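Structure first, commentary second.
The values are calculated or read from the model by the stated rules, or taken from the named source; none is laboratory data. Computed from a predicted structure; not experimentally measured. Cβ: placed from backbone, ideal geometry, glycine included. Neighbour counts: every protein chain shown.
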Amino acid sequence: MTQAQPQLPAEILEKRAAEQRRALHNDVRELRSAVRHEIRERTDIKRNVRRHFAPIAGGTAVVALALGYGTAGIFTRH
């Protein structure tokens, strides 16, 4: 058999509910702030270019070489 919990006054239940709502609201606020910060870091172009400079420079060099070779080919073919 289980014991039934004694009836708590409505004021205490309302106070607990208000505390839980505040805690939940604060948790959601912290989560939103953390997500915004993470998104800002991931989408910061300057930071990403600095972090991945070598691959970006290499890719740019390959594209420039291909475009230069193609352009030179257009003007030198007979």
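Residue count for region 4-62 under the criterion of being at pLDDT 95 or above and assigned to a loop (DSSP other than H, G, I, E, B): the result is 0. For region 62-78, a tally of residues being among the polar types (S, T, N, Q) and surrounded by 10 or more Cβ atoms within 10 Å (Cβ to Cβ) returns 1.
Residues in region 41-61 that are hydrophobic (A, V, I, L, M, F, W, C) and surrounded by 10 or more Cβ atoms within 10 Å (Cβ to Cβ): Val49, Phe53, Ile56, Ala57, Ala61.
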